[in-house]
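The values are calculated or read from the model by the stated rules, or taken from the named source; none is laboratory data. Bear in mind the structure is a predicted one, so any value in this text is a computation, not a measurement. Reconstructed Cβ throughout: ideal geometry from the backbone, glycine too, with neighbour counts over all protein chains shown.
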Amino acid sequence: MRVFIPALRQAVFLMLLAAVPSIAAALLHPSRPDPSRIPQVEAAAVKSWTKRFVWVDARPPAEFQRDAIPGALSLSEDDWDRSIDAFADAWEPGVPVVVYCGGGDCGASESVARRLKREAGVADIFVLRGGFDAWRHTR
Amino acid sequence: MAAYALKSTFGPASLLRVVLAGLFIYAGAGKAWDPAAFASGIANYRITPWIITAGIAIYLPWLEILAGVGLLFPRFRSGALLIVSALLTVFCGALLSAWMRGLDIHCGCFGAGGTGIAPALIRNLVLLAACAFVWSRSRSGPVS
């Protein structure tokens, strides 16, 4: 115990010291994670989920018709009022939802996910990192 | 004589300590470079809510870097070793949890991507054993 206390003291000092660059990074880093954004998950990780979840395709319906993740529901901002009922039928509270759009920075998945969280009360919701392209490449 | 002095002060425990320091500085720097990608890596584990994940993604890389640097300085050596051991234990717990849930994810050990769960778990256990060895070789317990 006698030798453990100085180690603990040093550890606390290092942990406090680490807070200084962390605060700077939280304020200034160009690639800082935004706590108000929807969390992103990788396609390979989602493919290994064993429990039930719902895919939501946030691309325009025409793109969804051409090719989509099997079992996904089409729910874009433009088609919201028409498609939200189909989502409500397929989803139950507690079931995770993964929203995707076309590619890296399309933004549609983020806005649809935000709306689902706000209006449909989906708490366990994610955005697919890299979108449909990423999912296709991990087939 | 000089060679003898070097041999007596820089033994296997010191070598392991330097290796641990290098690994933690390297791992921390990779994560600090792109904390958003690291946050996605943590989100893949599905353990913490996003707001906590974002905080971890910002703070953890710097803690790793400072713990790594601390291992190189006698004044902070035992504290840094305590942090490194605690972090490795937490990482092992997270990897084990992902493995038990059948998640197929990259460990995120060095930022975005990285190895799969099993190699990362084995590597962390080896590093934990290295930490235990360094602790045990300290002259008066953890404080050297």
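Can we say A:Ala7 is hydrophobic (A, V, I, L, M, F, W, C), farther than 28 Å from A:Arg136 by Cα, outside any strand (DSSP E or B) and modelled with pLDDT under 95?
Yes; evaluated as a whole, the condition is true for this residue.
Quick check on this structure: which one of B:Gly28, B:Gly68 is touching a Pro at 6+ places or on another chain (Cβ under 6 Å), modelled with pLDDT of 90 or more and crowded, with 18+ Cβ neighbours inside 10 Å?
B:Gly28
Could you tell me whether B:Ala39 is facing chain A (nearest Cβ under 8 Å), in contact with a Phe, Trp or Tyr (Cβ under 9 Å, 6 or more places away or on another chain), among the aliphatic types (A, V, I, L, M) and within 25 Å of A:Ala123 (Cα to Cα)?
Against the criterion (facing chain A (nearest Cβ under 8 Å), in contact with a Phe, Trp or Tyr (Cβ under 9 Å, 6 or more places away or on another chain), among the aliphatic types (A, V, I, L, M) and within 25 Å of A:Ala123 (Cα to Cα)), B:Ala39 qualifies.
Taking the condition of being within 7 Å of chain B (Cβ to nearest Cβ) and under 20 Å from the mean Cα position of the chain (by Cα), how many residues in region A:20-33 meet it?
Final tally of qualifying residues: 4.
Show the residue pairs meeting these rules: Cβ distance below 6 Å; 6+ apart or different chains; first residue within region A:103-128 and surrounded by 17 or more Cβ atoms within 10 Å (Cβ to Cβ); second residue of a type in the set (S, T, N, Q).
Listed by first residue and then by second, the contacts come to A:Val127/A:Gln40; A:Val127/A:Ser109.
Collect the residues in region A:111-139 that are touching a Pro at 6+ places or on another chain (Cβ under 9 Å) and among the aliphatic types (A, V, I, L, M), keeping them in residue-number order.
Of everything in region A:111-139, those that are touching a Pro at 6+ places or on another chain (Cβ under 9 Å) and among the aliphatic types (A, V, I, L, M) turn out to be A:Val122, A:Ala123, A:Ile125, A:Val127.
Condition first: buried (at least 21 other Cβ atoms within 10 Å of the Cβ) and not in a helix (DSSP H, G or I). Now tell me which residues in region B:76-107 satisfy that.
B:Phe76, B:Ile105, B:Cys107
Go through (1) more than 9 Å from every other protein chain (Cβ to nearest Cβ); (2) within 30 Å of B:Pro74 (Cα to Cα); (3) touching a helix residue (DSSP H, G or I) at 6+ places or on another chain (Cβ under 9 Å) one by one and return the number of the condition A:Ile5 breaks.
Here A:Ile5 clears every test but (3).
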